[in-house]
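The values are calculated or read from the model by the stated rules, or taken from the named source; none is laboratory data. This structure is a prediction, so every number in the text was calculated from the model and none was measured. Glycine also receives a Cβ, built like all others from the backbone with ideal geometry; neighbour counts cover every protein chain displayed.
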Amino acid sequence: MLIKRRTKIINTNGLHARPATRFAEMASKFNSEIFVKTKNKEEVNGKSIIDLLTLGAKRGTELLITADGEDKEIALDALEGLVNDRFNEDNMETRKGIAVSPGVVIKDAFVLESEGYRIPRHLIKEDEIAKEISRLEEATTDAWKEIEALENSVSKNLGSQIGSIFATHKLMLQDKLLLREFSEKVEQHKFSAEYAVTLVLRVYIKKFESIDDPYLSARVADIYDIEKRLLRNLLGEKKEELKNLTEEVVVVAHDLSPSQIASLDTTKVRGFVTDVGSRNSHAAIVARALGIPAVVGLETATVDIFGGDRVIIDGNRGNVIVRPDEETTKEYQLIEKDFHVFEKRITSELKDLPAVTLDGREIMILGNIEFPRDIGPSLNQGATGIGLYRTEFLFLGSNQTPTEEEHFEAYSQSIKELGDKPLIIRTVDLGGDKFFPSNSNTELNPFLGCRSIRYCLEHPNVFKSQLRAILKASALGNAKIMFPLISSLQELRKAKDIVKEVMEELDQEGIEFNEKIEIGVMIEVPSAAMVADDLAKEVDFFSIGTNDLIQYTMAVDRSNEKVAHLYSPAHPAILKLLKITIDAAEKNNIKIGICGEMGGEIEYTILLLGLGLREFSVAPAMIIPEVKKIIRSVTYERAKEAAETVCSFNDPAQTLEYLKNIVREIIPELVY
């Protein structure tokens, strides 16, 4: 005899894929026939995930569950308990990471695999199962052949002992139990082959990572490798990339490379979460430049968070909340709203006001941009120009070296948007962690190798093509040239000689350009700071690049979380180098600004002001009103006193706390 139960869905996200999967899995354990119905919907099979999803049951929906069979009572007890227990779904998790970009965002997760794959929760139809199993078997066979070829190649070149490492991968792909798990996810739950692979292997990854034995836990890398190979064979060119997003999301990734960041659709990516990284990693810097919340260093975010999970990123405190409950969601919705209200208020109050201290010292605030499209937001926040135009996007977003015409189009477009406002164009800063596909550089230590201005001097054709475009664009407006990573006077002179060559070529061709275009250098290595007095005699301006200056001075890889804590703008050595550089600029009567991250961290605004800085070039654009607020709230004399005080400290933590207290007094709304 048929029996019925009525129960109401109380989990936050309703009967979506994961709860439907759990319901169907539990229902399938019983022999009884089980059906589910909601108001205005046809009755569906309770053992079919697809059927359950067609109900579209949201939070608050009443389910009518019926069962008929020998174990019907036990089945309904279990299923009713599952629903009342929120499908074991609302086990809200709060993870603590490193806050690298302020703000709060609540969006669904887009989980990006390290090779750019995103595996959606994709379900298939009954008549597609055979085809999907065939795809799975073909991908497994192809992956096995790839590994065998790799094993043979490595054995031949490096010896059989090294080659035998890949035997483990081959055995895994022949594991009948593992292959059966893949197939069952497809046959029983109607998952796509891609989702079945990632779902099964991520369970194993979590198991291996929890093992105490270092050798066994290290085997997680083998599973990741197998997953990548299978996905690559299954998806081929059908990867769902960051640049092809159709809705607003937060990105969850192991890490984000500069080339991935260059392809971001910033209208869709509203926040970052990464497994690795530090406050000064490239992903963190770009998140701040884009003005979106970001938390890094969560270690296992890509394992613990599934695509489609609701995620809250609190970029102020470094919290990431996965599958938040209703109360937490409402709390953060208010925080998110208050943050945006504060941003709008301070922007409207200060946008059109000058950055001038209470005793009349005028300061210029400019914007740092990654792309031409970033100019508008900077101007809208009150920037008086662009103090750092990074040009790497022209290289990182393409498989070919950009042409002179492509350079000129980008620069002329930017100049037209700025009018007579300054545009400081940094010549391309390739190398380090920024390589474009056509560059096969394989240096062991690229940060200390042929990067930046060294790369340009080694590749004069690339350098001259960019300089020609900048000079041609200078006829249209207030463009300036800035050389990065200058480490000696001789390097500067070589770069200037090439500029003169290009000027002579343009002159002979009858092409207009600004013959008096200003040329400056970035001070971002200790040697440049120490010879700043010599450099100042041969340029029109300095711009301090604190990111590399701190990294090279402190011998710290800012993207390495193991040593990232040593990276500190407040270190006494950094403050001394800043003072040497600013004094050299003043002595030689040239302009000096800052374009590094330190300039956009408002706790350092009063310090930099007190050291004598007259120009701040900052990112993200939304930080401009806050920097201006601090400048307009103090006298230059007060700033000098603060600078003198912190320069007497020998503990960076003491310096930072002292400066933060000043900011709290001026802008109490900010969270530290």
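Observations
- Those residues of segment 328-359 which are more than 18 Å from VAL311 (Cβ to Cβ), of a type in the set (A, V, I, L, M, F, W, C) and free of Cβ contacts under 8 Å to residues at least 12 places away in the same chain, in sequence order: VAL341
- For segment 480-526, a residue qualifies if it is within 11 Å of ILE453 (Cβ to Cβ), assigned by the TED database to the domain that holds CYS456 and part of a loop (DSSP other than H, G, I, E, B), and the qualifying residues are PRO484, LEU485, ILE486, SER487, SER488.
- Scan of segment 555-579 for residues that are free of Cβ contacts under 8 Å to residues at least 60 places away in the same chain, surrounded by 17 or more Cβ atoms within 10 Å (Cβ to Cβ) and part of a helix (DSSP H, G or I), ordered by number: ILE574, LEU577, LEU578
- Of the residues making up segment 272-330, just one is touching a His at 6+ places or on another chain (Cβ under 6 Å) and either among the charged types (D, E, K, R) or in the same structural domain as LYS206 (by the TED database) (or both), namely ASP275.
- Every residue from segment 452-479 that is closer than 17 Å to ILE425 by Cα and either in a loop (DSSP other than H, G, I, E, B) or outside the structural domain of ARG426 (by the TED database) (or both): SER452, ALA475, LEU476, GLY477, ASN478
- Of all residues making up segment 74-92, the number that are in a helix (DSSP H, G or I) and either touching a strand residue (DSSP E or B) at 6+ places or on another chain (Cβ under 7 Å) or under 23 Å from THR329 (Cβ atoms) (or both): 10
- Within the set THR384, THR403, the sole residue that is at pLDDT 95 or above and among the polar types (S, T, N, Q) turns out to be THR384.
- Within segment 630-672, tally of residues that are within 32 Å of the chain's Cα centre (by Cα) and of a type in the set (Phe, Trp, Tyr): 2
- Scanning segment 653-668 for residues that are in contact (Cβ under 8 Å) with a residue 40 or more places away in the chain and outside any helix (DSSP H, G or I) yields one hit, ILE667.
- Matching residues, segment 373-392, being surrounded by 19 or more Cβ atoms within 10 Å (Cβ to Cβ) and outside any loop (DSSP other than H, G, I, E, B): ASP374, ILE375, PRO377, SER378, LEU379, ILE386, GLY387, LEU388, TYR389
- Segment 446-474, subset basic (Lys, Arg) and under 26 Å from LYS421 (Cα atoms), residue surrounded by the most Cβ atoms within 10 Å (Cβ to Cβ): LYS472
- Residue in segment 630-652 that is in contact with a strand residue (DSSP E or B) (Cβ under 8 Å, 6 or more places away or on another chain) and buried (at least 19 other Cβ atoms within 10 Å of the Cβ) present: yes
- For ASN547, the criteria (1) outside any loop (DSSP other than H, G, I, E, B); (2) without any contact (Cβ under 8 Å) to a residue 60 or more places away in the chain hold in every case but one, which is (2).
- Unmet requirement for ILE98, which otherwise passes all of (1) within 33 Å of the chain's Cα centre (by Cα); (2) modelled with pLDDT under 85: (2)
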